[in-house]
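Engineer: Following this message is one structure expressed as structure tokens.
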Amino acid sequence: MQLRDYILRRLMVLPVLIIGVSIVVFTLTRVGGSPIGIYLSHEMTPDEVAEIEARFNLDKPVWVQYLYWIRGIAMGDFGWSGVAAAPVADVFPLKLAATMELALASGLVALLLGIALGTYAGARRNRLPDHVTRIVAVSGASLPQFWFGILLLIIFWAQIGIAPIGRSDATIFASIAHPTGLYTVDAILAGSPAAFWDAIWHLVLPSVTLGYGATAIIARMMRSALVEELQQDYVDAARAKGLAERIVLKRHARRNALVPTVTVIGLTFGFLLQGTITVEIIFRWPGLGRWMADSVLRGDQATLMTYVLFTSVLFLVVNLIVDLVYANLDRRVTLGK
């Protein structure tokens, strides 16, 4: 009952937060100037400019423009993308699928390696595995992402020539249907091993680049939490009962060490989505990152507002999921408060 009430309260607050975020996004975007420039050309007359302003409701007060924008979003109309020369609603799902696939692959790399390295290092405190993991964590957190990506690009694409860039081979891409926009999933649905491995191979360099920093953060957090849990009295009691060390580690210490780590994991995924901008530019990945970079340079406000609103809502949803998982792992959390 407590968990259900907690979920209902959080879901009731979520729309209020989304509306607040939308107001902030719209206001800050309008402070940067009118979006009329993306629709204009040097040959237009003042009358033609006025006609465009009226067509997109840019001749009305800002608060009225906001209401028109919200109404459009509710109807699935996110505006016109000058960069893509198409409605934002048509282009956004395609770009999002590419970015989501990259973020999910990077998150999977970070999650599996981070928890494994953190657990291995925490169980061997102040020994060689712990020192090696510490070096990985420090380097992953300190290396600039763009520099690490370019370094991998030079070594594995330019010098050795074993890793491709882009998202897929053009011939293989055209050989299968793409109902989901996630190439790995589409390849499985099409029953094409060649397309699947081609998609995986193109994911290797960008996902390692994007996931390395997150791996370091998760591993470091997991290691610190596990070291703290292994010093608790309940661990000594479990050992005194004659339980094997791996059972103590797996069933007792690691579960409790995951409590603070889950928060980092959840927020890391949100940052992975935002961090794709640099990686997509370096590896020519056709996702939201490259699209947003072009939109900033062109002043494409409709695209930028959609992206910022989406990522803001995503963070709110991820934060809600993290809180629920946190409460499920730690029974001491009082959900009714």
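Engineer: Give the peptides 251-262, 284-295 in descending order of average Cβ contacts within 10 Å, highest first.
Structural biologist: Packing proxy ranking, top to bottom: 284-295, 251-262.
Engineer: Report the rotationally averaged projected area of region 104-263 based on its alpha-carbon convex hull, in square nanometres.
Structural biologist: For region 104-263, averaging the hull's shadow over all directions gives 12.1 nm².
Engineer: Could I ask something else about it? Which order, highest average first, do 236-242, 86-92, 106-112, 300-306 follow once you tally other Cβ atoms within 10 Å for each residue and take the mean per peptide?
Structural biologist: The densest-packed peptide leads the list: 300-306, 106-112, 86-92, 236-242.
Engineer: May I ask you to derive the FRET efficiency for residue 124 and residue 157 from their Cβ-Cβ distance with R0 = 41 Å, giving the value to the nearest 0.05?
Structural biologist: Approximately 0.70, to the nearest 0.05.
Engineer: Note down the net charge around residue 53, summing +1 for each Lys or Arg and -1 for each Asp or Glu among other residues with Cβ under 13 Å from its Cβ.
Structural biologist: Net of charged neighbours comes to -2.
Engineer: Okay, helix-only estimate at 222 nm for the chain: each DSSP H run of n ≥ 4 adds -39500 (n - 2.57), divide by all residues, round to 500 deg cm²/dmol; what do you get?
Structural biologist: That comes out to -24000 deg cm²/dmol.
Engineer: How much of the pair distance distribution for region 82-196 lies past 16 Å, counting alpha-carbon pairs only, in percent?
Structural biologist: Tail of P(r) above 16 Å: 75 percent of Cα pairs.
Engineer: Counting only protein heavy atoms and a 1.4 Å probe, tell me what percentage of the chain's accessible area is made up of carbon and sulfur.
Structural biologist: 66 percent
Engineer: Per residue, how much accessible area does the chain show when a 1.4 Å probe rolls over the protein heavy atoms, in square angstrom?
Structural biologist: Normalised by residue count, the accessible surface of the chain is 54 Å².
Engineer: Select from the chain the helices, each a whole stretch of DSSP H, whose alpha-carbon atoms run 30 Å or more along the helix axis and whose Kyte-Doolittle mean is at least -0.5; answer none if there are none.
Structural biologist: Those that pass (Cα extent of 30 Å or more, hydropathy at least -0.5) are 2-31, 88-122, 193-229, 254-283, 301-329.
Engineer: Over the Cα atoms of the chain, compute the convex hull volume and normalise it per residue, giving Å³.
Structural biologist: Roughly 195 Å³ of hull volume per residue.
Engineer: A further question on this structure: Please list 66-76, 164-174 highest first by mean number of surrounding beta-carbon atoms within 10 Å per residue.
Structural biologist: 164-174, 66-76
Engineer: When only C-alpha pairs under 8 Å and at least 6 residues apart count, what is the relative contact order of the chain, in percent?
Structural biologist: With pairs under 8 Å counted, the relative contact order is 27 percent.
The values are calculated or read from the model by the stated rules, or taken from the named source; none is laboratory data. Remember, predicted model here, so these are calculated numbers, not experimental data. Note: ideal-geometry Cβ built from the backbone for every residue, glycine included; neighbour counts use all protein chains shown. Surface areas here come from the heavy atoms of the whole protein model, side chains and all, with no ligands, DNA or RNA. Shrake-Rupley method; radii C 1.70, N 1.55, O 1.52, S 1.80 Å.
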